[in-house]
């Protein structure tokens with residue numbers, strides 16, 4: 001089975017950013033080829049609505065057959081609230097907590113992001129995963145695109 005990779009908006013925007021372009025595009029190519037499955041949530045798609053046109057054009061490059069869509073769910077909403085209640089992230093960063101919760105509830109293989117402050121941050125990863133374990137979920141792998149598709 002192909003690895004399922006939850007991708008947040010920062011990675012899609014990274015395809016158009018000088019600092020993050022190369023690893024973001026390498027990941028995108030793995031989605032286009034079908035080596036990996038792109039997991040997009042309703043939240044990510046909503047965030048893309050306000051993105052620049054060049055960023056909005058990234059997702060349509062991936063064949064629909066290589067994309068899995070996740071709707072918002074009460075399960076993810078409750079898990080995001082638990083992250084906030086346990087101090088993994090503050091209330092103002094609810095969207096970030098919801099990205100983590102959606103990926104966790106869907107049991108993806110990896111969540112990728114360029115958000116170093118609230119997502120790809122060792123202290124926060126430990127806090128998110130502590131909540132996951134307390135609630136019976138597996139640990140969630142959280143990485144940057146540099147760490148996912150064969151960037152040896």
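Points worth noting:
- Residue match in region 7-28 (condition: more than 19 Å from residue 144 (Cβ to Cβ), touching a helix residue (DSSP H, G or I) at 6+ places or on another chain (Cβ under 7 Å) and either in a helix (DSSP H, G or I) or in contact (Cβ under 8 Å) with a residue 40 or more places away in the chain (or both)): no
- Flag if residue 108 is surrounded by 15 or more Cβ atoms within 10 Å (Cβ to Cβ), touching a residue at least 60 places away in the same chain (Cβ under 8 Å), out of contact with any helix residue (DSSP H, G or I) (no Cβ under 6 Å at 6 or more places or on another chain) and not in a loop (DSSP other than H, G, I, E, B): no
- Qualifying residue in region 113-131 (condition: in contact with a helix residue (DSSP H, G or I) (Cβ under 7 Å, 6 or more places away or on another chain), part of a helix (DSSP H, G or I), surrounded by 15 or more Cβ atoms within 10 Å (Cβ to Cβ) and modelled with pLDDT of 95 or more): yes
- Checked against the criterion of being out of contact with any helix residue (DSSP H, G or I) (no Cβ under 7 Å at 6 or more places or on another chain), free of Cβ contacts under 8 Å to residues at least 60 places away in the same chain and part of a helix (DSSP H, G or I), region 97-105 contains not a single residue that satisfies it.
The values are calculated or read from the model by the stated rules, or taken from the named source; none is laboratory data. The structure presented is a predicted model; accordingly, all values stated were derived computationally and were not measured. Because the Cβ atoms are built from the backbone with ideal geometry, glycine has one as well, and the counts that use them run over all protein chains shown.
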